[in-house]
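The values are calculated or read from the model by the stated rules, or taken from the named source; none is laboratory data. What you see is a predicted model; the values in this text were computed from it and never measured. Here the Cβ positions follow ideal geometry from the backbone for every residue, glycine too, while neighbour counts run over all protein chains shown.
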Amino acid sequence: MSERHDHEHGHRHDRGHHHEHAHEPVHDHAHEHPHHHSSPSAPGLRRRVAHLLTPHSHETADKLDPALESSARGMRALWVSLAVLAVTAVAQAVVVALSGSVALLGDTVHNAADALTAVPLGIAFVLGRRAATRRFTYGYGRAEDLAGIAIVLTIAASAVFAGWTAIERLLDPRPVEQVGAVAVAALAGFAGNEWVARYRMRVGRSIGSAALVADGLHARTDGFTSLAVLLGAGGSALGWQLADPVVGLAITAAIALVLRDAAREVFRRVMDAVDPALVDRAERALREVEGVRGIGELRLRWIGHRLRAEVALVVDGEATVRQAHGIAVAAEHALLHAVPRLTAALVHADPAPAPGEDDPHLTLAHHTTT
C-alpha cells in the first residue's frame, strides 16, 4: 500500500479527508509527535498533550508556503549581493585602468563573474516557484542544479583568464602605477566579497540551496584573492616588478581550489547525495511511530532546495487498509517534523511476513535490476 502525501502547499489528502501542515523549512529542535492508535501510556499521553499545546499550524493560510518563502529569500540574497559586488567590481575596474595591475585585473574579473552568477541562480529560483506539470511532474527545482553547473563553469573560466593574463605579464613585466590606489581597491574587494560570502552561504544553508552555497564559496575566494592583490601591491612598491604577475598566478591557484570545492558540492547534489545524518534522523523518527515494525527502504533526494522522501515500512500483516493508512500518515508526519526542509514523502506499507507465505513482491522480481 502506498500513500502519496504532497506538502508543497500544505499536507493534502485528496480522497475524502484533508490535513494541512504549514511547516517551516528548517526544524533544528527535536519535535517528536508519536501517533498512538491504542490506549496510550502515561509518557505517550504527555507527549500527545504537548503536541496539542505546542503552537504549530496545520493550516496553509496561517503561514507563507515554505517553498515560495525560501525562493524569495534566495532571490533577495542574490539581488543584494549582486549590487554589492557590482559596485566593488566597477571601483576596481577604474583602478585597473589607472594602474595596469594584472593581479587586480584578475580579481576584478573574478568579482564581475561572481556577480553575473546571480543571473542563472535568479532564473533557477524563479523557475523553482512554478507548479509541477504533466511533463515536469516533480516541478522545476532541478533548475538550481543546472545553475550550480553554470557557476562552476564560470569559476573555471575566470581561473583560465586570470592565469593566462598573469603568465603574459610574467613574460612581459611592466611596472604597476598608482600602487596606493591598488592597495585600497584590494581592501575594498576583500571587504565586499567577504560580506557577500557570509550572506550567501548563510541563506543558502538556511534554505538548502547548494548552488547558493557554492556561489558564497566563490565570493569568499574572491575576498582572499583581493588580499593577495594587496601583497602584490606591496611587492611592487618595493621595486619587485614580478610581484604583480606572481600574485596573479597565486590568485589563479586560489580560484582553482574554490573550483574544486564548488564542483564537489554541485556534483553531490546532481547525483542525489544527502548528508547521512539526515538518513539517521529520519530512521530514528520512523522507529518511534507506533505500528512501524521495521524500515524496508528509505530514500532521500534534493529537488532544488527541498527534500523528498520515499519510504517502505513494515506493518502488521493483519492490519486493515485504514490502519495501515493511519500508520503511513503518522510516519510521514514524524518525518516532516524530524527532517529539515522535507516537503513531501511517499510512504509504502508492507505486511510483516507470515510463516509459509510467499513474498508479496515476488511478481516484481523479474523487474529488479542487477
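Evaluate the following for Ala228: is it more than 28 Å from Pro173 (Cβ to Cβ) and among the small types (Gly, Ala, Ser)?
So Ala228 fails the test.
Out of all the residues in the range 282-307, which are charged (D, E, K, R) and either surrounded by fewer than 17 Cβ atoms within 10 Å (Cβ to Cβ) or over 24 Å from the mean Cα position of the chain (by Cα) (or both)?
Glu283, Arg284, Arg287, Glu288, Glu290, Arg293, Glu297, Arg299, Arg301
What tally of residues in the range 263-279 results from selecting those that are assigned by TED's automatic domain parsing to the domain that holds Ser99, out of contact with any Gly (no Cβ under 8 Å at 6 or more places or on another chain) and touching a residue at least 60 places away in the same chain (Cβ under 8 Å)?
Adding up the residues that qualify gives 1.
Condition check: in contact with a strand residue (DSSP E or B) (Cβ under 8 Å, 6 or more places away or on another chain) and either farther than 22 Å from Val270 by Cα or modelled with pLDDT of 90 or more (or both). Does Ala365 satisfy that?
So Ala365 does not fit the description; no.
How many residues are in a helix (DSSP H, G or I) and farther than 30 Å from Ala124 by Cβ if we restrict to the range 295-332?
Looking only at the range 295-332, we keep the residues that are in a helix (DSSP H, G or I), and these are 321-332.
Still in the running and farther than 30 Å from Ala124 by Cβ: 321-331.
Qualifying residue count for the region: 11.
Any chance the range 224-240 includes a residue that's of a type in the set (A, V, I, L, M), at negative phi and without any contact (Cβ under 8 Å) to a residue 40 or more places away in the chain? Don't jump to the end; show me each part of the working.
Narrowing the range 224-240 to residues of a type in the set (A, V, I, L, M): 227-231, 233, 237-238.
The next check asks that each one be at negative phi; those that pass are 227-231, 233, 237-238.
From what's left, without any contact (Cβ under 8 Å) to a residue 40 or more places away in the chain: 231, 238.
Yes - at least one qualifying residue is present in the range 224-240.
Looking only at helices (runs of 4 or more DSSP H) that fall completely inside the range 85-184, which ones have 3 or more residues that are under 20 Å from Phe267 (Cβ atoms) and acidic (Asp, Glu)?
Because the criterion is at least 3 residues that are under 20 Å from Phe267 (Cβ atoms) and acidic (Asp, Glu), no helices (runs of 4 or more DSSP H) in the range 85-184 meet it.
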